[in-house]
Amino acid sequence: MLERGETVAMATIVKRKGSVPREVGARMLVQRGGKISGTVGGGCGEAEVWRGALNVIDTQQPTIVQVDLTEDIAMESQGVCGGIFDVFIQPWFNAPEPGQPAMQDYAAAIATALDGERAVVLATIVAAAGAWRPCVGQQMLIHEDGTTLGLLDPPSAPDALTAHLQLAAQQ
């Protein structure tokens, strides 16, 4: 899709509280026409994320959608989890930010690592305030051998940030 110049939205569960259908890190890819790959849990909560993803495709601005499965009406339904989860939705397209690789490069690197059964960590800034706010959506892919793709460049970032991410990729 990226090779064809399409914009898609990647939805990732980044926080959860209580009982929810999926774990942190679960992902769902949404295409402009509404087709999805993967899941963040199904049902009404996933539909809420799906609508948010279509908006992200149109605006090309990342956002966080909070899905609340604790409402009284939900508690009366069978099979409802009763927790809350936050989903970061990021547009993926091939117009890279200055100094950053195209999303197609990230996708290709991830596919190559998975094909070779090698670990990678995709670190993404999902929320920020103040001087860090423009950094939301920045990402860096760290391979288990320590090589990286992309750059996390928030103002006054701790020097140890990259070292911690590289350690995570090696574990």
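The values are calculated or read from the model by the stated rules, or taken from the named source; none is laboratory data. Quick caveat: nothing in here was measured; it's all calculated off a predicted structure. Here Cβ is always computed from backbone atoms with ideal geometry, including for glycine, and neighbour counts include all displayed protein chains. Note: areas computed on protein heavy atoms with side chains; ligands, DNA, RNA excluded. Shrake-Rupley method; radii C 1.70, N 1.55, O 1.52, S 1.80 Å.
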- [ ] Could you please find all residues in region 49-61 being modelled with pLDDT under 95 and under 17 Å from Ala26 (Cα atoms)?
- [x] none
Open item on the list: Here's a check for you: in region 77-107, which residue that is under 19 Å from Thr39 (Cα atoms) and part of a loop (DSSP other than H, G, I, E, B) is most open to solvent (accessible area, probe 1.4 Å)?
Closed with: Gly79
TODO: Name every residue in region 108-137 that is among the small types (Gly, Ala, Ser) and either exposed (fewer than 15 other Cβ atoms within 10 Å of the Cβ) or modelled with pLDDT of 90 or more (or both), in order of residue number.
DONE: Ala108, Ala109, Ala111, Ala113, Gly116, Ala119, Ala127, Ala129, Gly130, Ala131
Open item on the list: Name the residue that is most open to solvent (accessible area, probe 1.4 Å), counting only residues in region 44-64 that are under 16 Å from Ile84 (Cα atoms) and in contact (Cβ under 8 Å) with a residue 40 or more places away in the chain.
Closed with: Ile64
- [ ] Kindly indicate whether Val67 is at pLDDT 95 or above and either crowded, with 17+ Cβ neighbours inside 10 Å or in contact with a Ser or Thr (Cβ under 7 Å, 6 or more places away or on another chain) (or both).
- [x] no
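Listed residues Gly41, Gly33; which is exposed (fewer than 12 other Cβ atoms within 10 Å of the Cβ) and either assigned to a loop (DSSP other than H, G, I, E, B) or modelled with pLDDT under 95 (or both)?
Numbers: Gly41 fails: exposed (fewer than 12 other Cβ atoms within 10 Å of the Cβ).
Result: Gly33 is the single residue among Gly41, Gly33 that is exposed (fewer than 12 other Cβ atoms within 10 Å of the Cβ) and either assigned to a loop (DSSP other than H, G, I, E, B) or modelled with pLDDT under 95 (or both).
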